[in-house]
Amino acid sequence: MKLLFVGKFPPIQGGVSMRGYWLAHRLAMAGHQVHVVTNAIEVEPSSRMFMRDRDWALCEGDYGEGKVRVHHTDP
């Protein structure tokens, strides 16, 4: 199933962002294609986590038929 998730996602820090991350990845692990749309790169620096290249890579994932793809809004 193809799913669209619109909400908080890393690099936004906090519990809601963390839950969104794990929800998207667990749905992908169950075989769903999850597209995440977020404004996370537009959030002020004080509300963002520091992200290294490998951290950015972990936001998306491939799990066989299931996938997570992140789409950022254009500032």
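Quick one: would you say Met29 is in contact (Cβ under 8 Å) with a residue 12 or more places away in the chain, open to solvent by 50 Å² or more (accessible area, probe 1.4 Å) and aliphatic (A, V, I, L, M)? Don't jump to the end; show me each part of the working.
On the way: in contact (Cβ under 8 Å) with a residue 12 or more places away in the chain: yes; open to solvent by 50 Å² or more (accessible area, probe 1.4 Å): yes; aliphatic (A, V, I, L, M): yes.
Judged against the criteria, Met29 is a match.
Which residue pairs have Cβ atoms under 6 Å apart, sit 6 or more places apart or on different chains, and have a first residue in the range 32-54 that is open to solvent by 80 Å² or more (accessible area, probe 1.4 Å) and a second that is not β-branched (Val, Ile, Thr)?
Qualifying pairs under 6 Å: Glu42/Pro75; Arg48/Pro11; Met49/Pro11; Met49/Gln13.
Considering Val68, Val43, which residue is under 13 Å from the mean Cα position of the chain (by Cα) and of a type in the set (A, V, I, L, M)?
Values: Val43 fails: under 13 Å from the mean Cα position of the chain (by Cα).
Unique residue meeting the criteria: Val68.
Kindly indicate whether Val16 is at pLDDT 95 or above and more than 15 Å from Val68 (Cα to Cα).
yes
Looking only at the range 20-46, which residues are of a type in the set (Gly, Ala, Ser) and in contact with a strand residue (DSSP E or B) (Cβ under 6 Å, 6 or more places away or on another chain)?
Ala24, Ala28, Gly31, Ala40
Condition check: in a strand (DSSP E or B) and either aliphatic (A, V, I, L, M) or surrounded by 16 or more Cβ atoms within 10 Å (Cβ to Cβ) (or both). Does Leu23 satisfy that?
Spelling it out, it is not the case that Leu23 is in a strand (DSSP E or B) and either aliphatic (A, V, I, L, M) or surrounded by 16 or more Cβ atoms within 10 Å (Cβ to Cβ) (or both).
Go through (1) exposed (fewer than 15 other Cβ atoms within 10 Å of the Cβ); (2) hydroxyl-bearing (Ser, Thr, Tyr); (3) modelled with pLDDT of 95 or more and name the single condition Tyr63 misses.
(1)
State yes or no: is Phe9 surrounded by 17 or more Cβ atoms within 10 Å (Cβ to Cβ) and in a loop (DSSP other than H, G, I, E, B)? Walk me through it before giving the result.
On the way: surrounded by 17 or more Cβ atoms within 10 Å (Cβ to Cβ): yes; in a loop (DSSP other than H, G, I, E, B): yes.
Yes.
The values are calculated or read from the model by the stated rules, or taken from the named source; none is laboratory data. From a predicted model like this one, the values you see are computed outputs, not experimental measurements. Here Cβ is always computed from backbone atoms with ideal geometry, including for glycine, and neighbour counts include all displayed protein chains. The accessibility values were calculated without ligands, DNA or RNA, using every heavy atom of the protein model including side chains. Shrake-Rupley method; radii C 1.70, N 1.55, O 1.52, S 1.80 Å.
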